1. For Asp67 and Gln385, FRET efficiency with R0 = 25 Å and r from the beta-carbon atoms, rounded to 0.05?
2. Could you work out what % of the accessible surface of the stretch 317-394 is carbon and sulfur, using a 1.4 angstrom probe and leaving DNA, RNA and ligands out of the count?
3. Suppose each label sits 7 Å from its Cα in the direction of the beta carbon; what would the Thr245-Ala299 distance come out to in nanometres?
4. Which order do Arg219, Arg62 take by accessible area at a 1.4 Å probe, largest first?
5. Looking at Ala53, Ser64, Val160, which one has the Cα that reaches farthest to the positive end of the dipole of the chain (charges on Cβ: Lys, Arg +1; Asp, Glu -1)?
6. Sort 134-146, 196-208 by packing, meaning the average of other beta carbons within 10 Å per residue, with the highest value first.
7. Tell me, what is the FRET efficiency for Asp169 and Val32 to the nearest 0.05, using R0 = 51 angstrom and their Cβ-Cβ distance as r?
8. Could you provide, to the nearest whole Å², the per residue accessible area of the chain with probe 1.4 Å?
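The values are calculated or read from the model by the stated rules, or taken from the named source; none is laboratory data. These numbers were taken from a predicted model, which means no experiment stands behind them. Here the Cβ positions follow ideal geometry from the backbone for every residue, glycine too, while neighbour counts run over all protein chains shown. Remember, those area values only see protein heavy atoms, side chains included, never the ligands or the DNA or RNA. Shrake-Rupley method; radii C 1.70, N 1.55, O 1.52, S 1.80 Å.
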Amino acid sequence: MQRAVSVVARLGFRLQAFPPALCRPLSCAQEVLRRTPLYDFHLAHGGKMVAFAGWSLPVQYRDSHTDSHLHTRQHCSLFDVSHMLQTKILGSDRVKLMESLVVGDIAELGPNQGTLSLFTNEAGGILDDLIVTNTSEGHLYVVSNAGCWEKDLALMQDNVRELQNQGRDVGLEVLDNALLALQGPTAAQVLQAGVADDLRKLPFMTSAVMEVFGVSGCRVTRCGYTGEDGVEISVPVAGAVHLATALLKNPEVKLAGLAARDSLRLEAGLCLYGNDIDEHTTPVEGSLSWTLGKRRRAAMDFPGAKVIVPQLKGKVQRRRVGLMCEGAPMRAHSPILNMEGTKIGTVTSGCPSPSLKKNVAMGYVPCEYSRPGTMLLVEVRRKQQMAVVSKMPFVPTNYYTLK
């Protein structure tokens, strides 16, 4: 979801998907950064802290970026994502409020069911991506990106006031909880030891409130940003360190930071807001048409529908595609060229894939070049090299669904 960055060579890798304006190593003359409830915990465990979207967050720990990435794929890792904006939308008109802002069919969500959706503007551009869960407690639980915190909150608050002025029953509350993501094939096994609920009954994109390792009032949602099975746990601040410590006692669990999170999400074909999608990208261009609810398409009642819906019939100039190459890794802003050497697009995210031992990337090309298997050129360090348009995800996803 959220964009993050290139990090200095002393950390042993380059994370160039992350724009320097959002994330950089800490310096003596630094601005005041927000800290998550786990800040001291990160330092105690060797976290290398960087400035990210106004927060101080670990980019990695004592393990190398590659080791941390592969541990997540083979076991499970714990990520601190407490910088994300968590909100509750309250009142009988909460669905009306949310559907005035996003492209998804929120009304069709069952109890404790969630969906990835998009805030859009009237020009069809993506303002942010977010997860909306219809809780059984009578509110919508919304998680959106830290880098869009002020923008997203203002958007929701403005529309809440507008509906309230019309006499509608709707309200908004910002949650102060920490947010921990436990991701990897053994995540459910690790978590099951600390909860009474049967996690086999909690499939992908569903949610439940439960006590977790003695911390009551935790919301556990089966989702994540790695392509693996896993959960995100919204935990009261007072219990955050206790919960992280309890999870880390299991030898299956290691801490992971922004670096591994970025390469994992790229292998899974997941977008980074601000790199791969932004206010100048429509859902169709971004290969996110599946987020558009069927009823919403027919009604054309979401922001930007007059631009977006006609694009579903093929009236779009460019599309987000996956790319693979050998040689030097593709990075954000690398030019994409056709075989005649004419620039046709730009890489938006790229890195070496620890799982595949190849270079993977995303970028935008005209529709006629978007078919998987199409051979193209990319310019890396002023040299051209072959690349092939590839299906995403690059690494198969392992989300848990009920059989």
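1. Numbers: r = 28 Å, r/R0 = 1.10.
E(calc), rounded to 0.05, equals 0.35.
2. Working: 1950 of 3850 Å².
After summing per-atom areas, the C and S share lands at 51 percent.
3. That separation, rounded to one decimal, is 4.9 nm.
4. Details: Arg219 20, Arg62 175 Å².
Greatest to least solvent exposure: Arg62, Arg219.
5. Going by the charge dipole, the pick is Ser64.
6. Working: 134-146: 19.8, 196-208: 15.5.
Going from most to least packed, we get 134-146, 196-208.
7. Working: r = 38 Å, r/R0 = 0.75.
That gives a FRET efficiency of 0.85.
8. Working: 16730 Å² over 403 residues.
Here the residues of the chain average 42 Å² of exposed surface.
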